[in-house]
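For reference, the structure discussed in these notes is given below.
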Ligand code: SF4
């Protein structure tokens, strides 16, 4: 097997115990993919048994499609680490922070007022 050494954010904790990748509140996937649009759901969540064996590792965040998050840059996560938790029947990124709306600059405001 080829090995890659990549810098990526770590899934520091995942409390979704019924996910196949979860062992002792730690995600054992190599990397996860998060969300789409404005919803930071964990796309890697898999409700299944038996669970992964505890490989003693933390997953990385390989990709995140939530451009609306302030940690997101070019569809990649820039946070140091994230936490994942329960979201309905699935899982979501709890570190998500909605990006502040872009304010129109003063020229655009003046044009709109004219
Ligand atoms: S913190 Fe933001 S950018 Fe990082 S995985 Fe969560 S939703 Fe995506």
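The values are calculated or read from the model by the stated rules, or taken from the named source; none is laboratory data. Nothing here was measured: the structure is a model prediction, and the numbers come from that model. Here the Cβ positions follow ideal geometry from the backbone for every residue, glycine too, while neighbour counts run over all protein chains shown.
Name, by its number, the condition in (1) surrounded by fewer than 16 Cβ atoms within 10 Å (Cβ to Cβ); (2) touching a residue at least 12 places away in the same chain (Cβ under 8 Å); (3) on the phi < 0 side of the Ramachandran plot that does not hold for residue 69.
(1)
Conditions first: (1) part of a strand (DSSP E or B); (2) within 13 Å of the ligand (Cβ to nearest atom). Residue 96 passes all but one, so which condition is the exception?
Condition (1) is where residue 96 drops out.
Taking the condition of being touching a residue at least 40 places away in the same chain (Cβ under 8 Å), loosely packed, with under 14 Cβ neighbours inside 10 Å and within 19 Å of residue 27 (Cα to Cα), how many residues in segment 88-111 meet it?
1
Any idea which of 17, 85, 60, 37 is more than 10 Å from the ligand (Cβ to nearest atom), modelled with pLDDT of 95 or more and surrounded by fewer than 19 Cβ atoms within 10 Å (Cβ to Cβ)? Quick ask: steps written out before the conclusion?
Numbers: 17 fails: modelled with pLDDT of 95 or more; 60 fails: surrounded by fewer than 19 Cβ atoms within 10 Å (Cβ to Cβ); 37 fails: modelled with pLDDT of 95 or more.
After ruling out the rest, the residue left standing is 85.
Whether any residue in segment 101-111 is outside any loop (DSSP other than H, G, I, E, B) and either under 20 Å from residue 20 (Cα atoms) or within 10 Å of the ligand (Cβ to nearest atom) (or both) is what I want to check.
Of segment 101-111, the ones outside any loop (DSSP other than H, G, I, E, B) are 106-111.
Subset that is either under 20 Å from residue 20 (Cα atoms) or within 10 Å of the ligand (Cβ to nearest atom) (or both): none.
No, that holds for no residue.
When you check residue 10 against the structure, is it modelled with pLDDT of 95 or more, out of contact with any helix residue (DSSP H, G or I) (no Cβ under 7 Å at 6 or more places or on another chain) and surrounded by 17 or more Cβ atoms within 10 Å (Cβ to Cβ), yes or no?
The answer is no for residue 10.
Looking only at residues that are within 17 Å of residue 27 (Cβ to Cβ) and surrounded by 21 or more Cβ atoms within 10 Å (Cβ to Cβ) in segment 72-82, which one is farthest from the ligand (Cβ to nearest atom)?
Result: 82.
Looking at (1) away from the ligand (no atom under 14 Å from the Cβ); (2) in contact with a strand residue (DSSP E or B) (Cβ under 6 Å, 6 or more places away or on another chain); (3) without any contact (Cβ under 8 Å) to a residue 24 or more places away in the chain, can you tell me which one residue 1 breaks?
Only one criterion is unmet by residue 1, namely (2).
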